[in-house]
């Protein structure tokens, strides 16, 4: 089973096995590096790490146009449920079974609000596609916006991600050097993919210092696809 990861710019990704597609933090409206618009996104699930507009701003529109389900922390899911979206609430430590595998939430050290309203705990997100016909499943860990924390090693050991999408923009999250340490702790088997950088001048403009030891780095251009065979 092939699973593909497509970079939408900033911290957004599409993860697909050809039958099911999950949009993670699909921020496109107002994103200066985006190459597609929100109405071009096709998915059946949306996983949100937290409520900030540069992660959740397009969630309602994309969910409604696709009849997609939003997976998010309890308060954030409740907000979008009140907006008429299909939602599946969760929180760090929990796992939600899906048609394609599961979505789980991890801790993250950041903040979370939407249009000034508190939106619960910020999270990292695990998206797991179950294997078929004897093939192994594929797992993506998106750290969300976060500081470095030691339990990233434990997250890596438990979920054994193939790919880790790691924020490296600095100022509001880890910078490239701390992101590199996070990649070493998580130890994804295929690649560490940097994100949440180069979007605006306030963020780090380069992944040059994102050089984890013993981990392959795959820097994706906006719109570029990484295939996991």
Does residue 182 satisfy the condition of being touching a helix residue (DSSP H, G or I) at 6+ places or on another chain (Cβ under 8 Å) and either farther than 24 Å from residue 96 by Cα or modelled with pLDDT of 95 or more (or both)? yes
Suppose we filter 124, 93, 120 for residues that are within 23 Å of residue 182 (Cβ to Cβ) and in a strand (DSSP E or B); which single one remains? 124
The listed residue being touching a strand residue (DSSP E or B) at 6+ places or on another chain (Cβ under 6 Å), in contact (Cβ under 8 Å) with a residue 24 or more places away in the chain and either surrounded by fewer than 21 Cβ atoms within 10 Å (Cβ to Cβ) or more than 26 Å from residue 146 (Cα to Cα) (or both), out of 14, 5: 14
A careful count of residues in the stretch 44-53 that are more than 12 Å from the chain's Cα centre (by Cα), within 22 Å of residue 141 (Cβ to Cβ) and touching a residue at least 60 places away in the same chain (Cβ under 8 Å) gives 2
Restricting the stretch 149-173 to residues that are in contact with a helix residue (DSSP H, G or I) (Cβ under 6 Å, 6 or more places away or on another chain) and crowded, with 24+ Cβ neighbours inside 10 Å, the residue that is nearest to residue 107 (Cα to Cα): 152
Check the stretch 165-188 and report whether any residue there is under 26 Å from residue 137 (Cα atoms) and in a loop (DSSP other than H, G, I, E, B). yes
The number of residues in the stretch 45-85 that are surrounded by fewer than 19 Cβ atoms within 10 Å (Cβ to Cβ) and part of a loop (DSSP other than H, G, I, E, B) is 3
Sort out which residues of the stretch 97-107 are within 21 Å of residue 14 (Cβ to Cβ) and surrounded by 15 or more Cβ atoms within 10 Å (Cβ to Cβ), and write them in order of number. 98, 100, 101, 102, 103, 104, 105, 106
Pairs where the first residue, in the stretch 88-104, is on the phi > 0 side of the Ramachandran plot and the second is assigned to a loop (DSSP other than H, G, I, E, B), C-beta under 6 Å, 6+ apart: 101/130
Which numbered condition in (1) buried (at least 19 other Cβ atoms within 10 Å of the Cβ); (2) touching a strand residue (DSSP E or B) at 6+ places or on another chain (Cβ under 8 Å) is the only one that residue 35 fails? (1)
Tell me whether the stretch 217-226 contains one or more residues that are touching a strand residue (DSSP E or B) at 6+ places or on another chain (Cβ under 7 Å) and surrounded by 21 or more Cβ atoms within 10 Å (Cβ to Cβ). no
Residue list for the stretch 84-111, restricted to those being in contact with a helix residue (DSSP H, G or I) (Cβ under 9 Å, 6 or more places away or on another chain) and more than 20 Å from residue 151 (Cα to Cα): 84, 85, 86, 87, 88, 89
Which condition number does residue 154 fail, the rest of (1) in a helix (DSSP H, G or I); (2) touching a residue at least 60 places away in the same chain (Cβ under 8 Å) being met? (2)
Which listed residue, of 199, 146, 139, is more than 15 Å from the chain's Cα centre (by Cα), touching a residue at least 12 places away in the same chain (Cβ under 8 Å) and surrounded by 17 or more Cβ atoms within 10 Å (Cβ to Cβ): 199
Taking into account only those residues within the stretch 1-17 that are under 18 Å from residue 199 (Cβ atoms) and assigned to a loop (DSSP other than H, G, I, E, B), which is nearest to the chain's Cα centre (by Cα)? 11
Looking only at the stretch 94-110, decide whether some residue is over 16 Å from the mean Cα position of the chain (by Cα) and closer than 24 Å to residue 217 by Cα. no
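The values are calculated or read from the model by the stated rules, or taken from the named source; none is laboratory data. Everything numeric here is computed off the predicted structure, so don't read it as measured data. Ideal geometry is used to build each Cβ from the backbone, glycine not excepted, and the neighbour counts take in all protein chains shown.
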